[in-house]
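Here's the structure, in structure tokens; my notes come after.
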Amino acid sequence: MSLVTVPFYQKRHRHFDQSYRNIQTRYLLDEYASKKRASTQASSQKSLSQRSSSQRASSQTSLGGTICRVCAKRVSTQEDEEQENRSRYQSLVAAYGEAKRQRFLSELAHLEEDVHLARSQARDKLDKYAIQQMMEDKLAWERHTFEERISRAPEILVRLRSHTVWERMSVKLCFTVQGFPTPVVQWYKDGSLICQAAEPGKYRIESNYGVHTLEINRADFDDTATYSAVATNAHGQVSTNAAVVVRRFRGDEEPFRSVGLPIGLPLSSMIPYTHFDVQFLEKFGVTFRREGETVTLKCTMLVTPDLKRVQPRAEWYRDDVLLKESKWTKMFFGEGQASLSFSHLHKDDEGLYTLRIVSRGGVSDHSAFLFVRDADPLVTGAPGAPMDLQCHDANRDYVIVTWKPPNTTTESPVMGYFVDRCEVGTNNWVQCNDAPVKICKYPVTGLFEGRSYIFRVRAVNSAGISRPSRVSDAVAALDPLDLRRLQAVHLEGEKEIAIYQDDLEGDAQVPGPPTGVHASEISRNYVVLSWEPPTPRGKDPLMYFIEKIHRIKCDKATGIIEMVMDRFSIENEGTYTVQIHDGKAKSQSSLVLIGDAFKTVLEEAEFQRKEFLRKQGPHFAEYLHWDVTEECEVRLVCKVANTKKETVFKWLKDDVLYETETLPNLERGICELLIPKLSKKDHGEYKATLKDDRGQDVSILEIAGKVYDDMILAMSRVCGKSASPLKVLCTPEGIRLQCFMKYFTDEMKVNWCHKDAKISSSEHMRIGGSEEMAWLQICEPTEKDKGKYTFEIFDGKDNHQRSLDLSGQAFDEAFAEFQQFKAAAFAEKNRGRLIGGLPDVVTIMEGKTLNLTCTVFGNPDPEVIWFKNDQDIQLSEHFSVKVEQAKYVSMTIKGVTSEDSGKYSINIKNKYGGEKIDVTVSVYKHGEKIPDMAPPQQAKPKLIPASASAAGQ
């Protein structure tokens, strides 16, 4: 019984063997077979009946011989007719049956063909459907897996930035977000959704490849607001916001033109009584300066009449606000000119400046804009300085400081602000807040009563801290109620004394309760409480104690109730319950913070507190981590934040200062240390330290163990991708296969294979490498060494392979070259050569004996010949040459004369070649100065080629 293997995509279907037929076809075949058997039986029965009739007739004839011939003939004729009728009937029946059979067979053939065709088509359709279903299932699974792998919540790469523009100018806000599925972005103005259809042409919202823009056409003053963009997908939501400030200038002219603008300035309360006619001769124009510079705005004019004692009044305005002299600004009017000088420009000084000359005859004025550009930040990318610093609600121990955000254009968004205070008369600035405040208002507490203070503000973003703002005016820490409690008592005449209300009260032991307690100002991170002092209060000074309940917030929109504890400590262990009730019902929920649960929360709180304190000074925004560059160098990287010029950064290895060629640039915020050609000698503990007067921070990375192994794998990945093809180098020892890489060390996971079989290092095949390459040395190659060679390097995930087929012509050429190198090396090893060196120059006085001695080598023993000026030396008592033991050679010249000066050469040669060494001999006479010659050095030999027969061998 044969087994039929069914394809995998047909295993769901029902199949039949070769006897496959439907029920109707089998029924027709059975009916045809039964009719055929019946017809055969009928024919046989008729034949028997005919034979029996013939026999009866014969018997009747024989028995009744008295029948007449006529009767006999009639009987015979009737029988023949019956026989003929039966034959005709049988023929008709047979013909009808045959025709019916042929028709049935034809119909059966057509039916089988139709069944076969239908069966083939059905099978094809089922196969196609099965394959399609299988592919759809596979694609659906892969799509689901891919989407799961790349799915992530929205992440903002480039945030919105604030802008300050003039009226009727367009402004474009843009930011970049990524995420999968693609986030849906909605824009808001002061928390209200922006609808383009509501104001056609006002807003244009676009989105291209993750960059989303909102363009506000012809901005007006009402467009000043906080604009937010919210990106949402199924995995989360992020938002970014920025402020747009639309400035309004007076008049119909453009802001950059210097003209007299009919602006509605407030009228002066005091107008000179004299009538003056003022005509401007020279006017100040639009001026551009930078913070920290000096500038003077000046107009010259003709004043009629010109009176020395009486002059019209000059007034200066900035943005419709009357200016007064200060330590920053000086005013001058007289001698036909008016000027406004700035000793140290600041961003606050930017604005529309107007000079008004006021007299009884009217007002003459002129206006122009002064633009002040931000000074270069202390740290690249840091924001500009905050502006318009003001102090409010000064009291005996606190004051509220407000300011405006910097004019940010290209810098990253401002994350918060630091407020500094300084006591008047000192230069000791103290930072008031530990963490940056998010809004432009901060209550400064802890002031000493009766002292005066000045304040400044610095902005912070991801790049660093800005320059400080212009300092505020001096503010005295005094209770404003003390002035109200001061009373003047009139005495006789015009004398009066000042006394406090306290002096009129009795000696009350316990003051009354404060009254009118209310929150005069509420912000996200502070509350200003105000109250009326008690009555009576007594003569003694009062102290107030404020009792707080831990902060509670209930957001009805989200249904979230939260309680914030400023300082979470061991005393906060316990059960916390929140109750919600209205006029109908009450509900509550409890949280148990006891035991391990409390310890976990306490540890997290302490960690966050330490992180907060750490980030107040210079700190690491990203701790030390490593990667491998394209040049296969290990790079240690860390990111620093909140640094300044005085911040010191150091690299250490095993607590020893690690010297680098260049100092790190802290302004970039990124510090790098390159370790070229990593090896085990680089094992150790690497530290990066930051330190200044605000604190210090340390980041540690130990290169050892798994970290070191991972670095080797990462280097293998870089080297494997950039490895060269295998190259053949023939040497006297054999054939060497080389793979050049950016860096190679034997600690990398590499393999050499011959015909897909791994090669182990042996005397015949040696495996090695250098810093630039890995190699396989095939020593004394034979025919067995032919085949495909593969070099592979494993990077922990993938194998990088390079292959070379060393067979056929490639092997023959390499083998021939190896034989040449081998022969050349043998000849080089055994040729004649000088072992003991000779000097290249010899200086000797006349009459002395010169002896040149050296050692020679060669196999077979070399032939040694001496020459003078390239001529054979005639041996005599004056010249003698000696060779001992076939290796010690010497030449002696007795009683040298000036004629012996010249070039002496020694030739050392055997059948494999040799070398020639030249020595210059200089003879000087007795009493003469020794000739000035370069110090003698070892003579350099010149090679002598081998003989033709040896070369052939």
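The values are calculated or read from the model by the stated rules, or taken from the named source; none is laboratory data. What you see is a predicted model, and the numbers here were worked out from it, not measured in a lab. Positions of Cβ are backbone-derived with ideal geometry, glycine not excepted, and every protein chain shown enters the neighbour counts. Accessible surface is based on the protein model in full, side chains and every heavy atom, while ligands, DNA and RNA are left aside. Shrake-Rupley method; radii C 1.70, N 1.55, O 1.52, S 1.80 Å.
Check Arg161, Arg149, Arg143 and return the single one that is surrounded by 12 or more Cβ atoms within 10 Å (Cβ to Cβ) and either at pLDDT below 85 or in contact with a Phe, Trp or Tyr (Cβ under 9 Å, 6 or more places away or on another chain) (or both).
Sole residue among the options that is surrounded by 12 or more Cβ atoms within 10 Å (Cβ to Cβ) and either at pLDDT below 85 or in contact with a Phe, Trp or Tyr (Cβ under 9 Å, 6 or more places away or on another chain) (or both): Arg161.
Rundown of residues vs (1) part of a strand (DSSP E or B); (2) at pLDDT 90 or above; (3) touching a strand residue (DSSP E or B) at 6+ places or on another chain (Cβ under 7 Å), yes/no style:
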residue: Glu877; (1), (2), (3): no, no, no
residue: Asn907; (1), (2), (3): yes, yes, yes
residue: His926; (1), (2), (3): no, no, yes
residue: Leu943; (1), (2), (3): yes, no, yes
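Output the number of residues of the stretch 596-622 satisfying the condition of being surrounded by 15 or more Cβ atoms within 10 Å (Cβ to Cβ) and outside any helix (DSSP H, G or I).
Within the stretch 596-622, residues that are surrounded by 15 or more Cβ atoms within 10 Å (Cβ to Cβ) and outside any helix (DSSP H, G or I) number 6.
Residue under question is Arg69, and the condition is that it be modelled with pLDDT under 80 and surrounded by fewer than 10 Cβ atoms within 10 Å (Cβ to Cβ); does it hold?
Answer is yes for this residue.
Out of curiosity, is Glu335 under 28 Å from Arg248 (Cα atoms), out of contact with any Asp or Glu (no Cβ under 6 Å at 6 or more places or on another chain), modelled with pLDDT under 90 and open to solvent by 30 Å² or more (accessible area, probe 1.4 Å)?
It is false that Glu335 is under 28 Å from Arg248 (Cα atoms), out of contact with any Asp or Glu (no Cβ under 6 Å at 6 or more places or on another chain), modelled with pLDDT under 90 and open to solvent by 30 Å² or more (accessible area, probe 1.4 Å).
Please specify each residue of the stretch 388-420 satisfying the condition of being charged (D, E, K, R) and either open to solvent by less than 50 Å² (accessible area, probe 1.4 Å) or in contact with a His (Cβ under 6 Å, 6 or more places away or on another chain) (or both). Walk me through how you get there before you give the answer.
We begin by selecting, within the stretch 388-420, every residue charged (D, E, K, R); these are 388, 393, 396-397, 404, 411, 420.
Glu411, Asp420, listed by residue number.
Select from the stretch 564-592 the residues that are small (Gly, Ala, Ser) and assigned to a loop (DSSP other than H, G, I, E, B) and write down the one among them that is surrounded by the fewest Cβ atoms within 10 Å (Cβ to Cβ).
Applying the filter and picking the extreme gives Gly583.
At pLDDT below 90 and surrounded by 16 or more Cβ atoms within 10 Å (Cβ to Cβ): is that true of Ala243 in this structure?
yes
When you scan the stretch 907-940, how many residues do you find that are out of contact with any Lys or Arg (no Cβ under 7 Å at 6 or more places or on another chain) and buried (at least 17 other Cβ atoms within 10 Å of the Cβ)?
Counting residues in the stretch 907-940 that are out of contact with any Lys or Arg (no Cβ under 7 Å at 6 or more places or on another chain) and buried (at least 17 other Cβ atoms within 10 Å of the Cβ) gives 7.
Please verify whether Glu253 is surrounded by 12 or more Cβ atoms within 10 Å (Cβ to Cβ), at pLDDT 90 or above and outside any strand (DSSP E or B), treating the condition exactly as stated.
Against the criterion (surrounded by 12 or more Cβ atoms within 10 Å (Cβ to Cβ), at pLDDT 90 or above and outside any strand (DSSP E or B)), Glu253 does not qualify.
I'd like the full set of residues that are open to solvent by less than 60 Å² (accessible area, probe 1.4 Å) and part of a strand (DSSP E or B), limited to the stretch 189-204.
Once the filter is applied, which keeps residues that are open to solvent by less than 60 Å² (accessible area, probe 1.4 Å) and part of a strand (DSSP E or B), the stretch 189-204 yields Lys189, Tyr203.
Being of a type in the set (Val, Ile, Thr) and surrounded by 12 or more Cβ atoms within 10 Å (Cβ to Cβ) is the filter here, so list the residues in the stretch 279-294 that pass it.
Val286, Thr287
So Val310 fits all but one of (1) open to solvent by less than 40 Å² (accessible area, probe 1.4 Å); (2) assigned to a loop (DSSP other than H, G, I, E, B); what number is the exception?
(1)
Whether any residue in the stretch 390-398 is under 41 Å from the mean Cα position of the chain (by Cα), part of a strand (DSSP E or B) and over 30 Å from Gln337 (Cβ atoms) is what I want to check.
no
Between residues in the stretch 168-189 that are closer than 11 Å to Ala231 by Cβ and residues that are open to solvent by 50 Å² or more (accessible area, probe 1.4 Å) and basic (Lys, Arg), which pairs lie under 9 Å by C-beta distance while being six or more apart or on different chains?
Every condition considered, the pairs that remain are Phe175/Arg159; Phe175/Arg161; Thr176/Arg159; Gln178/Arg152; Gly179/Arg152.
Enumerate the pairs (first residue in the stretch 634-649 and more than 30 Å from Phe744 (Cβ to Cβ) and free of Cβ contacts under 8 Å to residues at least 60 places away in the same chain; second residue anywhere and open to solvent by 70 Å² or more (accessible area, probe 1.4 Å) and among the acidic types (Asp, Glu)) with beta-carbon separation below 9 Å, excluding pairs fewer than 6 apart on the same chain, so at least 6 apart or on different chains.
Matching pairs, first to second residue: Lys639/Glu622; Val640/Glu622; Glu646/Asp693.
Filter the stretch 797-813 for residues that are in contact with a helix residue (DSSP H, G or I) (Cβ under 9 Å, 6 or more places away or on another chain) and more than 17 Å from Trp752 (Cα to Cα) and give the result.
Listed by number, the residues that qualify are Lys797, Phe811.
Restricting attention to the stretch 658-667, does a residue exist that is within 26 Å of Asp709 (Cα to Cα), touching a residue at least 12 places away in the same chain (Cβ under 8 Å), open to solvent by less than 100 Å² (accessible area, probe 1.4 Å) and touching a Lys or Arg at 6+ places or on another chain (Cβ under 9 Å)?
yes
Just the residues that are farther than 19 Å from Gln801 by Cβ and surrounded by 15 or more Cβ atoms within 10 Å (Cβ to Cβ), please, taken from the stretch 753-767.
His764, Arg766
May I ask you to list the residues in the stretch 449-466 that are outside any strand (DSSP E or B) and either at pLDDT 90 or above or open to solvent by less than 40 Å² (accessible area, probe 1.4 Å) (or both)? Step through it out loud before you land on a result.
At the first step, the residues of the stretch 449-466 found to be outside any strand (DSSP E or B) are 449-451, 462-464, 466.
If the condition is that a residue be outside any strand (DSSP E or B) and either at pLDDT 90 or above or open to solvent by less than 40 Å² (accessible area, probe 1.4 Å) (or both), then Ala463, Gly464, Ser466 are the ones that fit.
Sort out which residues of the stretch 544-563 are assigned to a strand (DSSP E or B) and surrounded by 10 or more Cβ atoms within 10 Å (Cβ to Cβ), and write them in order of number.
If the condition is that a residue be assigned to a strand (DSSP E or B) and surrounded by 10 or more Cβ atoms within 10 Å (Cβ to Cβ), then Arg551, Ile552, Lys553, Cys554, Ile561, Glu562, Met563 are the ones that fit.
Among the residues of the stretch 888-906, how many are free of Cβ contacts under 8 Å to residues at least 40 places away in the same chain and farther than 17 Å from Thr843 by Cβ?
Matching residues across the stretch 888-906 total 4.
Can you pull out every residue in the stretch 754-769 that is farther than 18 Å from Phe815 by Cα and out of contact with any Phe, Trp or Tyr (no Cβ under 7 Å at 6 or more places or on another chain)? Give the steps one after another, and end with the answer.
First, pick out the residues of the stretch 754-769 that are farther than 18 Å from Phe815 by Cα: 755-763, 767-769.
The answer is Lys755, Asp756, Ala757, Lys758, Ser760, Ser761, Ser762, Glu763.
Could you tell me whether any residue of the stretch 205-223 is polar (S, T, N, Q), more than 21 Å from Arg161 (Cβ to Cβ) and open to solvent by 60 Å² or more (accessible area, probe 1.4 Å)?
No, the conditions are met nowhere in the stretch 205-223.
Being of a type outside the set (Ser, Thr, Tyr) and free of Cβ contacts under 8 Å to residues at least 12 places away in the same chain narrows it down to one of Ala810, Ala774, Ala714, Ala816, so name that one.
Ala816
Could you please find all residues in the stretch 689-703 being in contact with an Asp or Glu (Cβ under 9 Å, 6 or more places away or on another chain) and either charged (D, E, K, R) or open to solvent by less than 80 Å² (accessible area, probe 1.4 Å) (or both)? Full working, then the answer.
Taking the stretch 689-703 first, the residues in contact with an Asp or Glu (Cβ under 9 Å, 6 or more places away or on another chain) are 689-693, 699-703.
Within the stretch 689-703, Thr689, Leu690, Lys691, Asp692, Asp693, Ser699, Leu701, Glu702, Ile703 qualify.
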